[in-house]
1. For region C:140-194 and region A:531-575, what is the separation of their C-alpha centers, rounded to whole Å?
2. Just the number, please: Stokes-Einstein D of region A:133-207 in µm²/s, Kirkwood Rh from C-alpha pairs, 20 °C, 1.002 mPa s.
3. Rank the residues A:169, A:278, B:84 as a footprinting-exposure proxy: fewest other Cβ atoms within 10 Å of their Cβ go first.
4. Just to be sure I understand the curve: with the Debye formula and one point per C-alpha of region A:476-524, what is log10 I(q)/I(0) at q = 0.13, 0.16, 0.26 Å⁻¹?
5. With n ≥ 4 as the cut-off for DSSP H runs, can you work out [θ] at 222 nm for chain A, using -39500 (n - 2.57) per run divided by the number of residues, rounded to the nearest 500?
6. Under 1.5 on a/c is rounded, so check that first for region C:58-118, then, if it is not, pick prolate when a/b is larger than b/c and oblate when it is not; a ≥ b ≥ c are the square roots of the alpha carbon gyration tensor eigenvalues.
7. Label residue C:109 and residue A:301 with points 7 Å out from Cα along Cα→Cβ: what is the distance between them in nm?
8. Other chains' Cβ within 10 Å of A:135-148 residues: what's the mean?
């Protein structure tokens, strides 16, 4: 999120793509509706469903699942065709623009209509609304990312905002709403298989940097691996870890996965759930740490499953990073109840048993404050330095001094700070950066240019044009010594750069000189290290439009994609739609959360949403002879089936089926409630929607494509 | 004296049921009893509107008029409360109420309805303030603590407003002014016309 | 006397059986009300059914219940006994010789049925009135008990009413002389023992019969709907209105029946205990009675 939830109050228009904020981020709605009411800002909702957010929209755009990129590039094209682009912004702060325009030209409103099903007239209208109501706040969520081209789609969103000149402005920005109060924190800590914390990657330099932070010997860490080469290789992802267990696909790994610890993770949020279940039963060891027994606890038929009762957030404390990049402190309300233990204690016991507690806890004496301090020390890339536990707690204690409009404390002990010190907060004196890439403020007061990440110059493959990647002259933060673009800071302390200088001398020097440590560059429209340098539409693997597959084919198959063979082209079969004619998309409901282990164990929430269902359009239901409250069987091309209640509603169109994915506890209507630990059965069970979500993974991140599969529906 | 009122702004209500859960959790209301609920009209179609409804604490409340045992009464601040010890569970208030507010748990004898339960505006009941009995029968007494009811305090979008009717009206009036269009608050006239 | 005790025991057995059955029916189940009412679709319908209908019968119900019903009931239970008191003082009771020939009017089974019906009906009237005027007694546990007794007795009476109907229906069809009986008000306005036109039962008794059995059936059914809210709300409102209005009529006739049997005709009560009526009384008050 480049801006903050509160900053949406200042927007002049909003566009939500693949986001259902009313159900998934209800609290954000107070700012969204404030902008709608006070600024008269139009709300454009682009979604395959008429969501509860669409009910609040001024313009609802029904898009075919998986065709978001075509629509956005269509908007880009329409904006440029009418000369509505922000020419000065593009000239001074954007790179690869001309190359991008060449690609966008293809996406005329008529071409967009063919791909997305959105009337050409509506594309024109939306482009005009965005052009006339600037700045626009653009929000996307899982509906934008969970596709095989998810990474291209998200880049298209950014390009649209660059073209409209909405970046680095109050009321503008790309505002991705995160799903929990600490998803941003988890992402920043890179609880992922391809990077060390703080987006450092897996290079030797990254490992050495973190070894310095942890104060452990680099060779010691190397010694923990079977071979040094595996230190730099990406691991399995959350989306496909089970392939590592099953070993049915082509793997690139020293050995299959044998043990799994699931720490606060509901397995039923994984697509291809049938295979997940198979893998869970093949594991030699499964440890589940959760306040409630998850679906995995009941599904496994093996003996080697251990349930550790983890404490909830109210029974422990620590720092979290919110969607607005703000740091907050969770205070403990009660001691862990019954025999549950908080995560820190479970971790400490585990680490002691494994025998590396000395190295693990070298800097950590006071839990959890020292953990935050270690994060402060090492996560320089994104400016996690200034948010010390003391400062965070001070913010929490002085909520009332922060202004709801700009989140800045006006007077009081936190005077001048932005609430939660949104990162980057370069030093302990820095107020935090409420809006990323905002050149109207000095860097020391929360301003920032675009980061210089990808060199100083680039010759583009498509055009052969050479372009300076630094910002144009005249673009700088007030007080900057250099009145234009400049590269990132290095060698202030010899042998280090701004990301690796643990003394933080580099950061302080840069701030003192009024400059951003990471340089002042252009935002790029061409990403030369991605398969699609400029975002283009590619049909989902399981496309309902066989006629478009040839025109917009998917990628070549990817061997060793996060250690596992990932099929693209060989999976894209035009004839599939004949047997599986309906598009399957999934999502959340407001009453339940994730895998639902927690919410389905709440009697009141269960009372509100007591059943798994599939949303079916009345027209489709009538055509298939499905009546209200009938049970339907939904079958995926992979052969898995679920049996759920039909919820007949015009929210979805007559070609689309929507499933919430929070349910578990039954399979094809057969309950395995008896397999839950006694007295811990959830109140509500249902077939997991992800049993039928289709094969398909993003080309860059390998996120599962749960939003654009195909399915067959029959009355049960 | 301040006149307590509820107002649900349908332009703001997003059907999240946060108010319902807040009410139930805050007052330990049994499953099946809904002091408050969110109703959605035209679900999934353009014009979809949601509204959170509970007891409106009407002026000249019909429930009070029909109660054969005078179990329901209105405080000076307009809050309509029921004495569960007086109520006989006849159900007349449910038949009289335009908002479906009165709720009846199943009684133990012959499946007859137990004492009526409804929104208390988080003002407890006729028992002594903050007494154990009051808490057990009616839930919290937030009004006596100087707080707004659970539901309104929890509303994410500030759709549900509760408190002094004049203040609530001012807040809403300002919103309507900002929107520049006439948005009528549903139920307001029906519940409060006479005061 | 032994028969009296026997009938008393029978009544108690019927009560006990009904109580056991009804308690069993009402045993609460754990997750009641989950799917039934709160699936997303039902929400809208449920609520539409509530507020949407208010303008139809909600408002009339509220006005009738709050302003009219209790006044009429008060009228019924004060004015009717008052009239009868005047009648008793001015006209006085009719008395017939009980030492003359006796005629078996009600057999044992009939009398048992009558008394179970009588007790349950009396309790229904009393508890019904207690509910209506509950405010005077402060509501709470006593009135709640009255309500529960009302429900039990309704079940007892509903069964008995069927028997009553079958026993007496053949004698209860209207005849032409019933009109005449009505015109002279059964001769109760005069002290003279002049034969009045009536068969085994006079027109007043016939009216009472039909209202008590058929009307009682309607009361039982509407009461059942009100008890369980088994229907959409507007139906429940309608039934409540019907239940109240019919209740007024039934209480009026019940009071009349009481007065006639206890006061207006001396010893009349005895005939329902022993089963025999004096021949003189039959000849005067049931002049068209056909002896077997």
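1. When both Cα centres are located, 85 Å separates them.
2. Working: Rh = 14.2 Å.
Approximately 151 µm²/s, per Stokes-Einstein.
3. Numbers: A:169 24, A:278 14, B:84 20.
The order, fewest Cβ neighbours first, is A:278, B:84, A:169.
4. -0.28, -0.41, -0.92
5. So the calculated ellipticity at 222 nm is -7000 deg cm²/dmol.
6. Oblate, because a/c is 1.5 or more while a/b does not exceed b/c.
7. 6.5 nm
8. Average neighbour count from other chains, rounded to a whole number: 0.
Bear in mind these aren't lab numbers, they're just calculated from the coordinates by the rules spelled out. In this text, all values refer to a predicted model and were calculated from it rather than measured experimentally. Every residue, glycine as well, gets a Cβ built from its backbone with ideal geometry; the counts of neighbours run over all protein chains shown.
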